[in-house]
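J.: The structure under discussion is supplied below as structure tokens; questions concerning it will follow.
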Amino acid sequence: MPLDKTKIRQAFSAASTTYDSVAVLQRTVGYALLNKVDNDITGTLLDIGCGTGFLTAELSRFNPELLIALDIALPMLHATRNKFVGRVEQREPHRLHDGFRLSPLPILLCADAEYCPLMNDSVNHVFSNLALQWCSNLEAVFTDIKRLLKPNGQLIFSTFAPHTLQELKAAWASADDYAHVNDFYDEAQLSQFLQNAGFENIDITRTLYTPHYESVLALMQELKQIGAHNVRAERNKHCTSKTAMRRMIAAYEHHRVNGKIPASFDVFMVIAR
């Protein structure tokens, strides 16, 4: 699934100031992901696709020796830095708070996850929350992560599954012939990619989240504010007509229940060693 990395970088750069105000699902999934791992997380931790630093901040509670936050969009890294600087200014360095010691500021790395500029055997744990779906070649990404992981290191990530935004995809399909919603890998593909990369112990769980919205436009506005655009390289390069938009909204309205419209977010959570 070829993706336009320039569009991805631009979309998430533009969303850096609005992301935290609407990223309820991302935080919910992030907490669920962390609840699946042991508390004994030490050494060097890498957060791939850190965004504004929500998961990075949570990972700092494990008191890693080194914490690295990677994102393709520089403004997202600025937001991560500001989040940590604010914490440091509010608390005395090295003071125990809520049972954990405040960790040093993370290393901020502006890079594409598909070309991770880290050395072999340099990381103990790789985390990624709802970010790897923006990679075109996941098998290559997993192979590269296996390269940089130390022996007995683990990859812990969440990513969207095929039923994500199925209502929106179906509504658009009734309006025109263009692809307006990204596709996502299924469980068999993920498992095969991980095995091909050299991971042997793979645990995949699946959860369907269904938030509700006042309108289709409210859903689309939220997707824009978190940077979740259709970024496929072969996407429709023409402006969507008002007629097609009206048809899509009318088709989506058939899903309305109790005054609100649902949106499916199908999520895989994976631990691989």
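J.: With the convex hull built on the Cα atoms of segment 140-273, state its orientation-averaged projected area in nm². Each step should come with its number before you reach the end.
T.: Details: hull surface 37.9 nm².
Computed as one quarter of the Cα hull surface, the answer is 9.5 nm².
J.: Put a dot 7 Å past each Cα toward the Cβ at residue 249 and residue 210; how far apart are the dots in nm?
T.: 2.4 nm
J.: While we're on this one: In the chain, what is the count of Lys pairs whose alpha carbons are under 18 Å apart, counting only pairs at least 8 residues apart or on separate chains?
T.: For the chain, qualifying lysine pairs total 9.
J.: Once you keep just the Cα pairs under 8 angstrom separated by 6 or more residues, what percentage relative contact order results for the chain? Spell out each step's value before the answer.
T.: Numbers: 503 pairs, mean separation 64.1, N = 273.
Result for the chain is 23 percent.
J.: Could you list, bin by bin from short to long, the percent of Cα-Cα pairs of the chain in 10 Å steps?
T.: 6, 28, 35, 21, 8, 1
J.: OK, next. Rounded to the nearest 500 deg cm²/dmol, what is the calculated helix-only ellipticity per residue at 222 nm for the chain, with -39500 (n - 2.57) per DSSP H run of length n ≥ 4?
T.: -10500 deg cm²/dmol
J.: Moving on. Let me know the whole percent of all Cα-Cα pairs from segment 151-194 that are separated by more than 18 Å.
T.: Working: 430 of 946 pairs.
Tail of P(r) above 18 Å: 45 percent of Cα pairs.
All of the numbers you see were taken from the coordinates with simple rules; none came from a lab. Model, not experiment: these values are computed from the prediction. Cβ: placed from backbone, ideal geometry, glycine included. Neighbour counts: every protein chain shown.
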